[in-house]
Amino acid sequence: MALEDINPMINKEDQKLVTSRLALDIINKLTDNLLIMPTSICASILLMHRKGISEEQLTKQVEFLIEVLKKRKAHLPSFCQTANS
């Protein structure tokens, strides 16, 4: 479908398409600038282990996820950038 064939003012399907693309673009822009805090990482891991997790395992998983996020060029606070595993 060519861009000139889209008319969201008249066609409901075109309106849905344009709205969906705009929503995805906004979400991508927001997540590109999202700062991921270690507390969020820790909370995510704790939610995955509702029956409990040892402090040692929690620390290992947080460190692992921080390394994965660094490789993906995620925005992390400066103290995460210099943290040693």
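Is the chain rounded, prolate or oblate when judged by the Cα gyration tensor, a ≥ b ≥ c being the square roots of its eigenvalues, rounded requiring a/c under 1.5 and prolate requiring a/b larger than b/c? Intermediate results must be reported in sequence, preceding the final value.
Details: a/c = 4.60, a/b = 2.56, b/c = 1.80.
Judged from the Cα gyration tensor, the chain comes out prolate (a/c at least 1.5, a/b above b/c).
Mind giving me the nanometre distance, one decimal, between the label points for HIS75 and THR39, set 7 Å out from Cα along Cα→Cβ?
Modelled inter-label distance: 1.8 nm.
Only sites in a loop by DSSP and with at most 11 other Cβ atoms within 10 Å count here; which trypsin sites (Lys or Arg not before Pro) in region 1-63 make the cut? Intermediate results must be reported in sequence, preceding the final value.
Values: sites: LYS12, LYS16, ARG21, LYS29, ARG50, LYS51, LYS60; in loops: ARG50, LYS51.
Passing sites in region 1-63 are ARG50, LYS51.
Which of the lysines could a cross-linker span from LYS12 if the Cα-Cα distance has to be under 30 Å and same-chain partners fewer than 8 positions apart are dropped?
LYS29
Would you kindly derive the ³J(HN,Hα) couplings of region 35-48 from the backbone phi angles with the Karplus curve 6.51 cos²θ - 1.76 cosθ + 1.60 (θ = phi - 60°), listing them in order in whole Hz, with x for Gly and Pro?
8, 9, 8, x, 5, 5, 4, 4, 4, 4, 5, 4, 5, 6
So how much slack lies between ILE53 and VAL68, counting 0.36 nm per residue of separation and subtracting their Cα-Cα distance, in nm? Don't jump to the answer; show the numbers that get you there.
On the way: separation 15, 0.36 × 15 = 5.40 nm, distance 2.05 nm.
Working it through step by step, the gained length comes to 3.4 nm.
Got a sec to turn the phi values of region 67-80 into Karplus ³J(HN,Hα) couplings, 6.51 cos²θ - 1.76 cosθ + 1.60 with θ = phi - 60°, whole Hz, x for Gly and Pro?
5, 4, 5, 4, 5, 8, 6, 6, 7, 10, x, 4, 5, 7
Using θ = phi - 60° and the Karplus curve 6.51 cos²θ - 1.76 cosθ + 1.60, what whole-Hz ³J(HN,Hα) does each residue of region 20-31 get, with Gly and Pro shown as x?
Per residue, the Karplus-derived 3J(HN,Hα) values read 5, 5, 5, 4, 5, 5, 5, 4, 4, 5, 5, 6 Hz.
Treating only the Cβ of Lys, Arg, Asp and Glu as charged (+1, +1, -1, -1), what charge dipole size does region 38-81 show about its Cα centre? Round to the nearest 20 debye.
Magnitude of the dipole: close to 240 debye.
Taking the Cβ-Cβ separation of ASN28 and ASP5 as r and a Förster radius of 22 Å, what is the calculated FRET efficiency to the nearest 0.05?
Details: r = 25 Å, r/R0 = 1.13.
Given R0 = 22 Å and the Cβ-Cβ separation, E is 0.35.
The numbers here are math on the coordinates, done by the rules we state, and not lab data. This structure is a prediction, so every number in the text was calculated from the model and none was measured. Methodologically, a virtual Cβ is constructed for each residue, glycine included, from the backbone with ideal geometry; neighbour enumeration extends over all protein chains shown.
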